[in-house]
Amino acid sequence: MNQGKFISFEGGEGSGKTTQCSMLETYLRERGIDVVLTREPGGTQAADEIRALLVSGPTDRWDPCAEVLLHFAARREHYVRKIKPALEHGKWVICDRFVDSTIAYQGWGHRLGTELIEQINGTVLEGFSPNLTFVLDVIVDEGLKRASNRDCVNDLQPQDRYERMQISFHERVRQGFLHIAENDPKRCRVVNASQSTQRIHLIIVALVDQIFSL
Ligand code: TMP
């Protein structure tokens, strides 16, 4: 059976991932590709319930290891019930965050290290990994400003739990993403997210066309 493709978008707060995910979804649909757009933490009802536990409350609400387990509980549900079946039906899945976010936020941000996360990942996802990952890279200050403006405009809760973490946490997250990309250049493409939305979109679709021979 024709196996679909899995493309993840990664990056710090305010890096513009969500906008780029939906622009890529439109682009692929216009080319006749059946696309599922989804996000983490979340993507299924149960995983969205776990998301609510992770993104609200005091910054020290969870022990970092417990936090990893919650992300992977949500991810397992998402993977088994939504991602895997979609790919088996030949659909393309665009995912706003995936495992790299756990490595960057919990592994680097919370300084838990990557070994435990990689071990859990191997078991929970049965060796599954994205075909392509875009890392949208933006200076921490700029990203956090964008994220807080977005929250005001959309009347969201003032700053979710991760946005409220210290600048040094977000700096480590950024380094984490860049390190992941540097170590896996076949899968990951870093895109400078300080550019205009349209320019970033053009870079992304050019890479998608080239990598998947569209
Ligand atoms: P979002 O703002 O991109 O929707 O993501 C919600 C938050 O969850 C974001 O601040 C990053 C955080 N997160 C982690 O800390 N670890 C993870 O594994 C994932 C998927 C997200």
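The values are calculated or read from the model by the stated rules, or taken from the named source; none is laboratory data. Bear in mind the structure is a predicted one, so any value in this text is a computation, not a measurement. Neighbour counts run over all protein chains shown; Cβ positions are idealised from the backbone, glycine included.
Take the conditions (1) surrounded by fewer than 20 Cβ atoms within 10 Å (Cβ to Cβ); (2) more than 22 Å from Thr19 (Cβ to Cβ); Asn121 misses just one of them, which is (1).
Taking every residue in the range 21-41 that is within 20 Å of Val99 (Cα to Cα) and pairing it with any residue that is within 16 Å of the ligand (Cβ to nearest atom) and of a type in the set (Gly, Ala, Ser), at least 6 positions away or on another chain, the pairs with Cβ-Cβ distances below 7 Å are Leu37/Ser22; Glu40/Ala74; Glu40/Ser101; Pro41/Ala47; Pro41/Ala74. I'd like the full set of residues that are touching a Gly at 6+ places or on another chain (Cβ under 7 Å) and either surrounded by 21 or more Cβ atoms within 10 Å (Cβ to Cβ) or without any contact (Cβ under 8 Å) to a residue 24 or more places away in the chain (or both), limited to the range 88-99. Once the filter is applied, which keeps residues that are touching a Gly at 6+ places or on another chain (Cβ under 7 Å) and either surrounded by 21 or more Cβ atoms within 10 Å (Cβ to Cβ) or without any contact (Cβ under 8 Å) to a residue 24 or more places away in the chain (or both), the range 88-99 yields Trp92, Val93. Screening Asp34, Asp63 for residues that are touching a strand residue (DSSP E or B) at 6+ places or on another chain (Cβ under 9 Å), more than 11 Å from the ligand (Cβ to nearest atom), among the acidic types (Asp, Glu) and at pLDDT 95 or above leaves exactly one candidate, Asp34.
Of everything in the range 78-105 that is closer than 24 Å to Gly32 by Cα and of a type in the set (Val, Ile, Thr), the residue that is farthest from the chain's Cα centre (by Cα) is Ile83. Scanning the range 52-70 for residues that are out of contact with any Asp or Glu (no Cβ under 9 Å at 6 or more places or on another chain) and either under 23 Å from Gln119 (Cβ atoms) or assigned to a helix (DSSP H, G or I) (or both) yields Ala52, Leu53, Trp62, Asp63, Pro64, Cys65, Ala66, Glu67, Val68, Leu69, Leu70.
Residue selection: Val173 fails the criterion of being closer than 28 Å to Asp60 by Cβ, within 15 Å of the ligand (Cβ to nearest atom) and not in a helix (DSSP H, G or I). Within the range 108-120, is even one residue within 22 Å of Val191 (Cα to Cα) and part of a helix (DSSP H, G or I)? Within the range 108-120, one or more residues are within 22 Å of Val191 (Cα to Cα) and part of a helix (DSSP H, G or I).
May I ask you to list the residues in the range 83-99 that are away from the ligand (no atom under 12 Å from the Cβ), part of a helix (DSSP H, G or I) and under 23 Å from Glu118 (Cβ atoms)? Those that are away from the ligand (no atom under 12 Å from the Cβ), part of a helix (DSSP H, G or I) and under 23 Å from Glu118 (Cβ atoms): Ile83, Lys84, Leu87.
Please state which one of Glu77, Glu49 is crowded, with 16+ Cβ neighbours inside 10 Å and either among the acidic types (Asp, Glu) or not in a helix (DSSP H, G or I) (or both). Testing whether each residue is crowded, with 16+ Cβ neighbours inside 10 Å and either among the acidic types (Asp, Glu) or not in a helix (DSSP H, G or I) (or both) leaves just Glu77.
The residues on offer are His78, His71, and the sole one that is in contact with a Ser or Thr (Cβ under 7 Å, 6 or more places away or on another chain), without any contact (Cβ under 8 Å) to a residue 40 or more places away in the chain and within 19 Å of Arg51 (Cα to Cα) is His71.
Across the range 188-214, the number of residues qualifying as of a type in the set (D, E, K, R) and crowded, with 16+ Cβ neighbours inside 10 Å comes to 1. From the list Thr19, Thr102, which residue is assigned to a helix (DSSP H, G or I) and surrounded by fewer than 20 Cβ atoms within 10 Å (Cβ to Cβ)? Every option except Thr19 fails the conditions.
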